[in-house]
1. Would you pick out the residues in the stretch 81-95 that are open to solvent by 50 Å² or more (accessible area, probe 1.4 Å), part of a loop (DSSP other than H, G, I, E, B) and of a type in the set (A, V, I, L, M, F, W, C)?
2. Which helices (runs of 4 or more DSSP H) sit wholly inside the stretch 164-240 and have at least 1 residues that are closer than 29 Å to S147 by Cα?
3. Looking at the stretch 23-45 only, could you name the residues that are open to solvent by less than 60 Å² (accessible area, probe 1.4 Å) and within 14 Å of the chain's Cα centre (by Cα)?
4. Going by the conditions given, is V142 surrounded by 13 or more Cβ atoms within 10 Å (Cβ to Cβ) and outside any helix (DSSP H, G or I)?
5. From the list I231, I238, exactly one residue is in contact (Cβ under 8 Å) with a residue 60 or more places away in the chain and touching a Leu at 6+ places or on another chain (Cβ under 8 Å). Which is it?
6. Could you run through the stretch 165-192 and say how many residues are open to solvent by 40 Å² or more (accessible area, probe 1.4 Å), without any contact (Cβ under 8 Å) to a residue 12 or more places away in the chain and over 16 Å from the mean Cα position of the chain (by Cα)?
7. Output the qualifying pairs, or none if there are none: Cβ atoms under 7 angstrom, residues six or more apart or on different chains, first residue in the stretch 71-100 and closer than 30 Å to S191 by Cα, second residue open to solvent by 70 Å² or more (accessible area, probe 1.4 Å) and modelled with pLDDT under 90.
Amino acid sequence: RDYKESKMSRSNESRFNRLVKGYTEDIENIRYNLAVIKLKEIFYSMESGCTKKHLDVFLRLLSPICPHIAEEFWEMIGNKPFVLQASWPKSDEKKIDLAAEAEEASVHAAISDIKGILKLVKIEKPNKVTIIVAESWLYGFVKKLKSELEKTYDVGSLIRSTMDQKHGGEIAKLVPRLVKDRSKIPDIVSSQEEEFNALKKGKALFEKEFAAVIEIVKAEDSKDVKAKNAIPGKPAIIIE
């Protein structure tokens, strides 16, 4: 009833339409567990602002999962007759911009991680923050793992399907960790160069947020042992 419209950012608009498409495919293929995950992500994409059109779409998507709640909110925002009778929404694929999504996600995730570390080590004003982007091979590995997770959660099968001779030991350790906590797997897996450039582009934002010297490097160019901890979408961070 007190709903106020606001414009969605380009990256959130892209994420919204991409997830609507994926959610529809999951519902059609009876992948309800994956559909519920995407529904939550659609909601999060609307948190910083959306139009009534976006809200209408969300309630139509919510309807098969929570019909009574969807109907109640459908009426509250002035829609008639019933959400159940509304046509199923379609995503606008022209608005899907994966590069914009990945760029924004990289910067905001890094800011959030830096804040978490500062709080943990009880440092209010760091002198320098070094952000170390993961080794290049990891991006292909995570893309492959993400794809395989659509088929199985079996750790042994996942290790075998993502294994390569050069990084076998690291993969055997990474797979169980990433399967246990899928939040560590980015929604969109870019390349090392794309993530590195996105963080470089956001350097001014980091400097403004933390009032510190910001250095962004690739793991291959870092001598710090923590560089090995970096994974795509989750750079290693060193506070000084």
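1. F82, W88
2. Working: elements: 168-180, 192-201, 203-210.
In the stretch 164-240, the matching helices (runs of 4 or more DSSP H) lie at 168-180, 192-201.
3. Passing the criteria: K38, L39, E41, I42, S45.
4. Against the criterion (surrounded by 13 or more Cβ atoms within 10 Å (Cβ to Cβ) and outside any helix (DSSP H, G or I)), V142 does not qualify.
5. Working: I238 fails: touching a Leu at 6+ places or on another chain (Cβ under 8 Å).
Matching residue, one of I231, I238: I231.
6. Matching residues across the stretch 165-192 total 6.
7. From the stretch 71-100, the pairs are D97/R10; A100/R10.
The values are calculated or read from the model by the stated rules, or taken from the named source; none is laboratory data. Note that the coordinates shown come from a computational prediction; the quantities given were computed from them, not determined experimentally. A quick note on method: Cβ atoms are made from the backbone with ideal geometry, for glycine too, and the neighbour counts reach across all protein chains shown. Ligands, DNA and RNA are excluded from the accessible area calculation, which covers all protein heavy atoms including side chains. Shrake-Rupley method; radii C 1.70, N 1.55, O 1.52, S 1.80 Å.
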